[in-house]
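The values are calculated or read from the model by the stated rules, or taken from the named source; none is laboratory data. Keep in mind it's a predicted model, so treat the numbers as computed, not measured. Here the Cβ positions follow ideal geometry from the backbone for every residue, glycine too, while neighbour counts run over all protein chains shown.
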Amino acid sequence: MSTYGSLATSTILRWVCAIFLVFTCVLSSQVSANEACKNLSATGNPEYPPYLWRDPKDENHLIGANADLMQLLAKELGVTIEIKYLGPWGRVQEEAKLGHVDLLAGAFFTLPRLDYMDYFYPAFRETRTVILTKETYHFPYKKWSDLVGRQGITVINNSFGEQFDRYAKESLKISMVPSLEQALKMLSMSRADYVIYEEDPALAYAAKLNIGGIRAISSAITNEGLHLTMSHKSPCNTPDMRGRIAKAIYKLEKQNVMGKLIATNMQLWRQQQVK
């Protein structure tokens, strides 16, 4: 064989070996990812009863209707899902951006959140966002513009839907605080005219804190869907896993499981408050 032929054969062999090594590494990483994705992590807003709150028996974990939904999802997928407490809602969203958690068990849709996580459809629950005021403070509310000129308060990084968020930023005076507990206490001390929050969690927390004289105005600010989301940086965020989760969420939503889970967890929350 000529020197040229020997060099050509050697080059081909090197390329074959390189391709084989790349294929082996890719296959190995896929196997590792598949194994790792047998165990997913999830978190959410820890001040959100009956959907989510910290477990009194283990405050590193969350319980509630959304946590129970994650266990039904885990069963459908054949994986385990750990529902972890990672801090207040603002920090939770930062953890999702960094990929420190795979799933958020309950988030409204906003355009900025699309930058760091994928949404699963349909929404597993529709929630009412309302205005809460002191019973002694009356003002007519029928539309968003009725809030202009009044001092509102809500929780940092909370969203009430893309349209209202935009309107609030342009037209309303709304201060942000770290927690729902702080917001409700400030309202009770007349340091704000109103609090904006989802109806069920707000009233549940007001009862826990023994804050009386607070009412929810019947006209909702928005009715928004709660979605399961997945961090873009999650190692489990693959087309296969997203497809499996989407099918499972669709199946569970059609079975209307959330109605029963919410009723059960509202009762559990109330029982815990009287102990």
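Data table
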quantity: Of all residues in region 80-92 being among the hydrophobic types (A, V, I, L, M, F, W, C) and within 14 Å of residue 46 (Cα to Cα), the one that is surrounded by the fewest Cβ atoms within 10 Å (Cβ to Cβ); calculated: 86
quantity: Single residue of region 133-154 satisfying the filter (touching a Phe, Trp or Tyr at 6+ places or on another chain (Cβ under 6 Å) and of a type outside the set (S, T, N, Q)) that is nearest to residue 221 (Cα to Cα); calculated: 144
quantity: Number of positions in region 227-261 that are crowded, with 20+ Cβ neighbours inside 10 Å and either among the basic types (Lys, Arg) or under 30 Å from residue 209 (Cβ atoms) (or both); calculated: 5
quantity: Out of 98, 104, 114, sole residue that is surrounded by 21 or more Cβ atoms within 10 Å (Cβ to Cβ) and either on the phi < 0 side of the Ramachandran plot or in contact with a Pro (Cβ under 6 Å, 6 or more places away or on another chain) (or both); calculated: 104
quantity: Pair list, Cβ < 9 Å and 6+ apart or interchain, from region 190-209 residues that are not assigned by TED's automatic domain parsing to the domain that holds residue 147 to residues that are not in a helix (DSSP H, G or I); calculated: none
quantity: Cross-chain or 6+ apart pairs with Cβ under 7 Å, region 94-107 first and farther than 9 Å from residue 234 by Cβ, then charged (D, E, K, R) and surrounded by 17 or more Cβ atoms within 10 Å (Cβ to Cβ); calculated: 107/113
quantity: Condition broken by residue 62, with the remaining ones in (1) over 29 Å from residue 153 (Cβ atoms); (2) among the aliphatic types (A, V, I, L, M); (3) within 14 Å of the chain's Cα centre (by Cα) satisfied; calculated: (1)
quantity: Matching strands (runs of 3 or more DSSP E) fully within region 158-245 where at least 1 residues are farther than 19 Å from residue 49 by Cα, hydroxyl-bearing (Ser, Thr, Tyr) and at pLDDT below 95; calculated: none
quantity: Residue match in region 93-107 (condition: in the same structural domain as residue 204 (by TED's automatic domain parsing) and either closer than 16 Å to residue 41 by Cα or of a type in the set (D, E, K, R) (or both)); calculated: no
quantity: Any chance residue 131 is crowded, with 16+ Cβ neighbours inside 10 Å, farther than 28 Å from residue 97 by Cα and of a type outside the set (Gly, Ala, Ser); calculated: yes
quantity: Number of positions in region 236-258 that are more than 17 Å from residue 119 (Cβ to Cβ) and free of Cβ contacts under 8 Å to residues at least 24 places away in the same chain; calculated: 4
